[in-house]
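The values are calculated or read from the model by the stated rules, or taken from the named source; none is laboratory data. None of these values were measured; they are calculated from a predicted model. Quick reminder, even Gly has a Cβ in these numbers, built from the backbone with ideal geometry, and neighbours come from all protein chains shown. Only protein heavy atoms, including side chains, enter the accessible area calculation; ligands, DNA and RNA are left aside. Shrake-Rupley method; radii C 1.70, N 1.55, O 1.52, S 1.80 Å.
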Amino acid sequence: MRIGELAARAGTTTRTLRYYETRGLLPARRDELGHRTYDEGDLRLLTQIRTLRDFGFDLEETRPFVECLRAGHPEGDACPASLVVYRRKLDELDALIGQLRAVRAEVAGQLSRAERARDELAAEALVPGGPEPVCELGGLTG
């Protein structure tokens with residue numbers, strides 16, 4: 001198939017395919033007229049790349065998976081180098097999850113503090129001579 005058909009079937013652009021070719025991820029086969037030619041195996045490569053990219057892998061991280069497919073494995077993640085990338089990505093995700101949990105705990109703490117402060121202000125407003133309640137948008141209530 002030609003580059004336009006492959007791009008359409010893979011759900012990408014011809015520009016992306018040319019870029020992958022320059023990065024060595026997609027073969028650069030040409031027919032007798034000099035047109036790029038591709039086969040179903042190339043579509044499998046692109047599907048693997050796209051799936052990994054959707055999961056947050058950067059383009060270079062897809063290389064071991066592509067090489068595994070090119071080596072004849074039916075799945076691009078059956079090779080040792082692919083497993084190394086999976087493990088590294090899981091470690092990266094675990095670190096990010098830890099950071100997000102820490103941020104969440106900080107935000108939850110700030111929310112609790114803000115709610116206590118609001119409740120204290122509301123209680124003071126009920127005391128004769130206490131402060132007038134103020135709308136968070138800047139206007140007085142009441």
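Things to note:
- Carbon and sulfur %, accessible surface of the chain computed with the full protein complex present, 1.4 Å: 57
- Using the average count of surrounding beta-carbon atoms within 10 Å as a protection proxy, the listed peptides 57-70, 7-20, 85-98 rank, highest first, as 57-70, 7-20, 85-98.
- Sorting the segments 34-43, 102-111 by their residues' average number of neighbouring beta-carbon atoms within 10 angstrom, most packed first, yields 34-43, 102-111.
- Among the helices of the chain, those built from whole DSSP H runs whose Cα atoms reach 30 Å or more along their own axis and whose mean Kyte-Doolittle hydropathy is at least -1.0 are 80-126.
- From the largest down, the range 1-56 spans 38, 21, 18 angstrom on the principal axes of its Cα atoms.
- Across the range 77-120, counting alpha-carbon atoms alone, Rg and Dmax equal 18.8, 61 Å.
- Diffusion constant of the chain at 37 °C, which comes from Stokes-Einstein with the Kirkwood Cα-pair radius and 0.692 mPa s, µm²/s: 166
- Summing +1 for each Lys or Arg and -1 for each Asp or Glu among the other residues whose beta-carbon sits under 13 angstrom from that of LEU25 gives +1.
- Selection from GLN110, TYR86, GLN99, by position along the positive dipole direction of the chain (Cβ): TYR86
- Our summary gives the chain a relative contact order of 11 percent, counting only alpha carbon pairs under 8 angstrom and 6 or more residues apart.
- Computed with a 1.4 Å probe over protein heavy atoms only, the accessible surface of the chain comes to 69 Å² per residue.
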